[in-house]
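Undergrad: First the structure, then my questions, so here it is.
The values are calculated or read from the model by the stated rules, or taken from the named source; none is laboratory data. Since we're looking at a predicted model, the values are computed, not measured. Virtual Cβ from ideal backbone geometry, glycine too; neighbours counted across all protein chains shown.
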Amino acid sequence: MGKAAGIAEAFRHRRVAAIVRFGGLFGLALVMFALVLLVFGQNPLRAYVDIFRATLGSAYGFSEVLVKMIPLVLTALAVAIPSRIWLINVGGEGQLFIGALFATWGAVTFNGQSAWLLLPLIAVLGFTGGGLWALISGFMRARGWASETISTLLMNYVAILLVSFFVFGPWKDPESANYPQSAPFPDAAILPFFPGSRVHLGALLAIAGLLIFHFVMSRTRWGLEMRAIGVNAEAARRNGISTHRYMLLVMFIGGGMAGLAGMGEVSAIHGQLRPSLSPGLGYAGFLISWITMGNPLGIVAAAFLISIITAGGDILQMTHRIPAAAIHILMALVLFVVLARRSGRKGGK
Amino acid sequence: MNELLVVSLLSGAILSGTPLLYATLSEVIGERAGIINLGLEGVMLVGAVVGFAVTVKTGNHALGIMGAALAGALFNMIFAFMVLTRRANQLASGLALMFCGVGLSALIGAPFIGSRIEGLAAIRIPLLSDLPFFGRAFFQHDILVYLAIPAAVALWWFLFRTRWGLGLRAVGENPTAAYAAGRQPLLLQYQVLFIAGLLGGIAGAHLSLALAHTWAEWMTAGRGFFAVALVIFSKWHPLRAIAGALLFGGAISLQLQMQALGVPVSSFILDMLPYVLSLAVLALWGGARRSAVPGSLGRVFQGTE
């Protein structure tokens, strides 16, 4: 009892300190981005106020922030899970697209089935698609062929081209005049929403993913072995832990998480497959995972912030005529300040 | 085979291979000094947009290229500060630099979307350009194409025939030993990343000034990452990089030619060619990379205190 309370106490303190520290760094990044906006003749204060109003200023805006958090948490997990054994998965974007591709195939092919069958089916397909896509990179890494960092990056481009191939070609909806998109999902294949919002069932998947990730890492043999690999891969190998098997496993599960994100987006948000499925959700997930070092609660907090920032990109484009991509600068600055600060103690690879 | 087709394939390979060669040289010199920079994509984008903007404003391509090189070098200094002074993880810092470049170039380029410029003028080499077959394939290109191979040779000479290059390679293999031998690893690496930035900026400028004649967001489309794969293919050697860049330029050129000819394969599948080729190159050459990879690539020099 006493011991558990003591641990909980220590955990809370560390967490509070981490939140304060992160808040300070985030503030610094905001100031730097404000300077960039100033240089380009924009009023940063107005931009920030507009972003704040549109996201946290109303119940609808807030619910939309939650909607955007769902794929961000999942793509962050896609990075966090492999990062436990120092694999750097930058392929969340591509894995998301392939997950959506697989899910679309299921939804369109088994059109007419009941939701009880279709929803689990597209979830499993989405997970499998993303997982297999990541597994290719995991395999190349385990065989010592190629760093997963660069191969996952390249696979992103291939994945998006593959989706474009299908929606411009064989899967193009004949009903839609010239738009490159698949046939719409049947109603039974659309994830249910929480009443009065666009927050969909994927939220539960994201929460479950976080809980399972935390539980596996802290309470199971797999978690222990993965932490052992993370601390010292060579020592782990000599103690009989198959590092190669874990490489394949974490890449598959990580990719699966991004695949689920793709499934959620295509089913609940878009309702049909389009090449514009993701405005860089996979890359944002990478950022979230890196700045939180894969801590589950940190992921939720950072996903909340990044969700606001991502929404901010659209707001800047609409009201300030700044290209939405400019928000990448703010994301990069957040990553820079976190990396620059942490280095003194950890040193990096 | 149709002679005209071969000529346009060859000249296309050279044209598309040129930015890749500059980019690969940028990555080679950095990695020889022990620094892997995944932010090259961002450096190229900044070079592409600054080169284009300067050219639109001044109408002078030379100023555009110089502006692009300088912008690339300065932008790369952010990365240098991160990994050298702040000792941050190189892969993550590189990716952050890439994001930053994507955003910054979009911001700079927004007013220039839709502008078009005269492409970088082709210089016809007297006599040689009139040769029946080789003339069009090899001797009717822009200045950056002609300078690419000399740049590779110059880089080889600096790396392998000068004291500066020796020191640089020593730092890449073992910075502590290089320090003990009287070199200053950080200073050298800062210099190297500045030069790498110049080359990356020029690579971007060639894309926007000579190939596209316009600016579009994220127009590099992964070429910065091709370069990272090409470095492995070329075994960290500037001269082998020429072959690699030509191979990749050839893949891009082939894909464009097939689309132009109306080959009944979806353009999206053809577009995958260079990416898949990069992956294949990684898989085939990556396994045997130990012999050539600089000893302390990716590690952080912790100083000597």
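Conditions tested, residue by residue: (1) within 12 Å of chain B (Cβ to nearest Cβ); (2) in contact with a helix residue (DSSP H, G or I) (Cβ under 8 Å, 6 or more places away or on another chain); (3) more than 21 Å from A:Ala29 (Cα to Cα); (4) of a type outside the set (Phe, Trp, Tyr).
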{"residue": "A:Glu265", "(1), (2), (3), (4)": "no, yes, yes, yes"}
{"residue": "A:Tyr283", "(1), (2), (3), (4)": "yes, yes, no, no"}
{"residue": "A:Ile288", "(1), (2), (3), (4)": "no, yes, no, yes"}
{"residue": "A:Ile329", "(1), (2), (3), (4)": "yes, yes, no, yes"}
{"residue": "A:Val337", "(1), (2), (3), (4)": "yes, yes, no, yes"}
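Undergrad: What tally of residues in region B:89-148 results from selecting those that are more than 14 Å from chain A (Cβ to nearest Cβ), touching a residue at least 60 places away in the same chain (Cβ under 8 Å) and in a helix (DSSP H, G or I)? Talk me through it step by step, then tell me what you get.
TA: Kept after step one, since they are more than 14 Å from chain A (Cβ to nearest Cβ), are these residues of region B:89-148: B:115-148.
Now drop any that are not touching a residue at least 60 places away in the same chain (Cβ under 8 Å), which leaves B:115-121, B:133, B:136-138, B:140-142, B:144-145, B:148.
Pick out the ones that are also in a helix (DSSP H, G or I) and you get B:136-138, B:144-145, B:148.
Total meeting the criteria: 6.
Undergrad: Take the residues of region B:256-269 that are within 12 Å of chain A (Cβ to nearest Cβ) and modelled with pLDDT under 85: which is nearest to the chain's Cα centre (by Cα)?
TA: B:Ser267
Undergrad: Do the conditions hold for A:Leu125, that is, is it aliphatic (A, V, I, L, M), under 30 Å from A:Arg245 (Cα atoms) and within 10 Å of chain B (Cβ to nearest Cβ)?
TA: no
Undergrad: Could I ask something else about it? Failed condition for B:Ala170, given (1) in contact (Cβ under 8 Å) with a residue 40 or more places away in the chain; (2) away from every other protein chain (no Cβ under 14 Å); (3) farther than 20 Å from B:Met82 by Cβ, with all others met?
TA: (1)
Undergrad: Looking at A:Ser137, A:Ser151, A:Ser164, A:Ser176, can you tell me which residue is surrounded by fewer than 24 Cβ atoms within 10 Å (Cβ to Cβ), within 14 Å of chain B (Cβ to nearest Cβ) and of a type in the set (Ser, Thr, Tyr)?
TA: Within the list A:Ser137, A:Ser151, A:Ser164, A:Ser176, the selection yields A:Ser164.
Undergrad: Could you list, in sequence order, all residues of region A:265-276 that are surrounded by fewer than 24 Cβ atoms within 10 Å (Cβ to Cβ), modelled with pLDDT of 90 or more and not in a helix (DSSP H, G or I)?
TA: Applying the first criterion (surrounded by fewer than 24 Cβ atoms within 10 Å (Cβ to Cβ)) to region A:265-276 yields A:268-272, A:274-276.
Then drop every residue that is not modelled with pLDDT of 90 or more, which leaves A:268-272, A:274.
Within region A:265-276, A:Gly271, A:Gln272, A:Arg274 qualify.
Undergrad: Which of (1) over 15 Å from the mean Cα position of the chain (by Cα); (2) aliphatic (A, V, I, L, M); (3) not in a helix (DSSP H, G or I) is the odd one out, the single condition B:Ala62 does not satisfy?
TA: Result: B:Ala62 fails condition (3) only.
Undergrad: Specify the residue that is farthest from B:Pro264 (Cα to Cα); the eligible residues are those in region A:155-187 that are of a type in the set (A, V, I, L, M) and modelled with pLDDT of 90 or more.
TA: A:Met155
Undergrad: Would you check if there is a residue in region A:316-339 being touching a His at 6+ places or on another chain (Cβ under 9 Å) and modelled with pLDDT of 90 or more? Let's see the steps before the verdict.
TA: Taking region A:316-339 first, the residues touching a His at 6+ places or on another chain (Cβ under 9 Å) are none.
There is no residue in region A:316-339 that is touching a His at 6+ places or on another chain (Cβ under 9 Å) and modelled with pLDDT of 90 or more.
Undergrad: Here are some conditions: (1) surrounded by fewer than 22 Cβ atoms within 10 Å (Cβ to Cβ); (2) in contact (Cβ under 8 Å) with a residue 60 or more places away in the chain; (3) of a type outside the set (Phe, Trp, Tyr). B:Ala80 meets all but one. Which one does it not meet?
TA: Condition (1) is where B:Ala80 drops out.
Undergrad: While we're here: Do we find that B:Gly298 is at pLDDT below 80, of a type outside the set (A, V, I, L, M, F, W, C) and surrounded by 15 or more Cβ atoms within 10 Å (Cβ to Cβ) in this structure?
TA: yes
Undergrad: Residues being of a type in the set (Phe, Trp, Tyr) and either more than 11 Å from chain A (Cβ to nearest Cβ) or within 13 Å of the chain's Cα centre (by Cα) (or both): count how many of those fall in region B:207-225. Show your work before the answer.
TA: Residues of region B:207-225 that are of a type in the set (Phe, Trp, Tyr), as a first pass: B:215, B:218, B:225.
With the extra rule that they be either more than 11 Å from chain A (Cβ to nearest Cβ) or within 13 Å of the chain's Cα centre (by Cα) (or both), the set shrinks to B:215, B:225.
Here the count works out to 2.
Undergrad: Taking the condition more than 27 Å from A:Ser218 (Cβ to Cβ) and either surrounded by fewer than 24 Cβ atoms within 10 Å (Cβ to Cβ) or over 13 Å from the mean Cα position of the chain (by Cα) (or both), does A:Gly262 pass? Lay out the reasoning, then the answer.
TA: On the way: more than 27 Å from A:Ser218 (Cβ to Cβ): yes; either surrounded by fewer than 24 Cβ atoms within 10 Å (Cβ to Cβ) or over 13 Å from the mean Cα position of the chain (by Cα) (or both): no.
Judged against the criteria, A:Gly262 is not a match.
Undergrad: Which number in (1) surrounded by fewer than 16 Cβ atoms within 10 Å (Cβ to Cβ); (2) aliphatic (A, V, I, L, M); (3) in a helix (DSSP H, G or I) marks the one condition that B:Leu159 misses?
TA: (1)
Undergrad: Just the residues that are within 30 Å of B:Trp156 (Cα to Cα) and among the small types (Gly, Ala, Ser), please, taken from region B:242-269.
TA: B:Ala243, B:Gly244, B:Ala245, B:Gly249, B:Gly250, B:Ala251, B:Ser253
Undergrad: Moving to a separate point now. What about B:Val231, is it modelled with pLDDT under 85 and of a type in the set (Val, Ile, Thr)?
TA: Here the answer is no, as B:Val231 does not meet what is asked.
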